[in-house]
Amino acid sequence: MHGLRRLIPILGGTATGDGWSARVLPGGADFQLIVNDRLSELDARYVLETDGGDLIYVQNRAVRSGPAELIARLVRGEPVDPAQIYFRCSPSFETASRALGWIAERMFVGTGARYPDAVAMHFFELR
């Protein structure tokens with residue numbers, strides 16, 4: 001057995017970039033593998049719609065780990081200081097937008113933070 005598989009619906013949200021903003025469309029999901037009481041492997045897939053109407057498909061693979069007692073608090077929906085949890089990711093993007101097409105030609109890394117009512121991700125282009 002590799003762990004416990006969970007499917008978490010992604011119902012909405014917002015995103016901002018350098019000179020653009022977008023909303024997260026409903027219908028995405030985070031396919032989680034709870035490996036053990038300290039480690040989860042995450043695979044989130046969702047679509048952004050920019051304020052200009054462009055669509056961006058996002059696949060974001062991540063690792064979230066920390067002390068078992070803090071991970072248990074996250075699972076229960078309790079607040080945990082994000083600095084105490086290792087949450088790193090590698091997002092990739094697809095779009096038909098000519099203006100944003102460059103994002104499919106770059107590699108990104110990121111950090112995440114899980115809050116009781118939201119997840120916040122920050123992505124950085126590798127140069």
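Just so it is clear, none of the values below were taken in a lab; they were calculated from the coordinates. Keep in mind that what you see is a predicted model, and the values were worked out from it rather than measured. As a convention, Cβ positions derive from the backbone with ideal geometry for all residues, glycine included, and neighbour counts pool all protein chains shown.
Just a few scattered comments:
- Computed E for PHE108/HIS2 - FRET, C-beta separation, R0 25 angstrom, nearest 0.05: 0.40
- Shape of the chain, Cα gyration tensor, a/c cut at 1.5: prolate
- Ordering of 73-85, 49-61 by burial proxy (mean other Cβ atoms within 10 Å per residue, highest first): 49-61, 73-85
- Inter-label distance, nm, simple model (7 Å from Cα along the C-beta direction), VAL63/LEU39: 0.7
- The chain, relative contact order in percent, only Cα pairs under 8 angstrom and at least six apart counted: 16
- Structure-based [θ]222 nm, the chain - -39500 (n - 2.57) summed over DSSP H runs of at least 4, per residue, nearest 500: -1500 deg cm²/dmol
- Modelled spin-label separation between GLU94 and ALA72, with each label point placed 7 Å from Cα along the Cα-to-Cβ direction: 4.1 nm.
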